[in-house]
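Inspection log for the structure reproduced underneath, given as structure tokens.
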Amino acid sequence: MTYKADIAGGSLKVYESRIIAELLLKRLPPAEWRRAIEVDNVLQKTSIGTAKRQASLIKARLKQMTPQLWELVRDGNKPVATQAVFAAAIAHASLLRDFLILDVRDRFLSGELVLTRSHWRSFVASCRERDPEMSDWSASTTDKLGDSVLRILTEVGMLSEGAKPTLQPVHYEPEVMSYLKSPKFEEVRKAMQVFL
């Protein structure tokens with residue numbers, strides 16, 4: 001299970017995910033994919049490097065799922081698309097999934113709903129016990145990853161905005177939950193519904 005630092009700088013990026021979902025649904029050959037990202041700059045990024053990095057992260061997330069979810073991302077309203085991308089992000093990043101299942105769930109159960117960067121740091125320290133192969137991350141990398149995760153939880157509505165962000169249940173859209181009812185998405189569902 002090696003935990004990877006592959007969510008840094010990666011909030012849900014719903015707008016960009018809609019574009020990448022459209023490209024995936026077109027099943028472009030590699031040359032046309034590169035052209036769309038690097039020449040046509042479909043993600044509208046200021047540098048090719050940023051466009052390639054974001055396209056690669058979003059594609060890796062969405063490829064964890066099937067074309068049916070890509071359609072929800074591309075065509076769904078804002079809540080549907082956001083929740084569909086959240087599901088894909090959980091499927092892609094064991095770090096995010098385990099934080100939800102191992103840490104956030106405990107907070108909901110205990111009623112201690114304030115969630116801060118220090119909770120994230122403690123969780124990352126505990127990851128090393130579960131995964132001895134995990135790379136040594138600097139404090140700044142750990143914090144950057146934590147910022148991404150807290151931003152993702154805020155975007156999906158599980159974490160309130162404001163000076164003291166607190167955890168709160170999310171009302172998931174029926175289309176998203178219907179898609180996730182397959183047994184292969186059990187872990188994703190569990191992570192999304194840690195407040196139940």
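Just a few scattered comments:
- Between helix 139-156 and the chain: long-axis angle, C-alpha atoms, 0 to 90°, nearest 10: 80
- Around ARG34: net Lys/Arg minus Asp/Glu count, Cβ-Cβ under 15 Å: +4
- Computed in the context of the full set of protein chains, the accessible area of the chain at 1.4 Å probe radius has 50% of its extent on carbon or sulfur.
- Using a probe of 1.4 angstrom and keeping all protein chains present, the accessible surface of the chain works out to 50 square angstrom per residue.
- In the chain, helices alone account for a calculated mean residue ellipticity at 222 nm of -17000 deg cm²/dmol, with every DSSP H run of four or more residues adding -39,500 (n - 2.57).
- Prolate is the label for region 1-131, because a/c, from the alpha-carbon gyration tensor with a ≥ b ≥ c as root eigenvalues, is 1.5 or above and a/b exceeds b/c.
- Size of region 50-115 from its Cα atoms: along the principal axes, largest to smallest, the extents are 38, 25, 21 Å.
- Principal-axis analysis of the Cα atoms of the chain puts helix 48-62 at an angle of about 70° to the longest axis.
- Nearest-0.05 FRET efficiency for GLU32 and SER140, computed from C-beta distance (R0 30 Å): 0.20
- Net length gained if the chain between LYS190 and ARG130 were fully extended (0.36 nm per residue, minus Cα distance): 19.7 nm
- The mean sequence distance of close C-alpha pairs (under 8 Å, at least 6 residues apart), as a share of the length of region 29-125, puts its relative contact order at 15 percent.
- Counting only alpha carbon atoms, the long axis of helix 14-25 and the longest principal axis of the chain meet at about 50°.
The values are calculated or read from the model by the stated rules, or taken from the named source; none is laboratory data. Being a predicted model, the structure only gives us computed values, none of them experimental. Cβ sites come from the backbone with ideal geometry, for glycine too, and all protein chains shown count toward neighbours. Accessible surface is based on the protein model in full, side chains and every heavy atom, while ligands, DNA and RNA are left aside. Shrake-Rupley method; radii C 1.70, N 1.55, O 1.52, S 1.80 Å.
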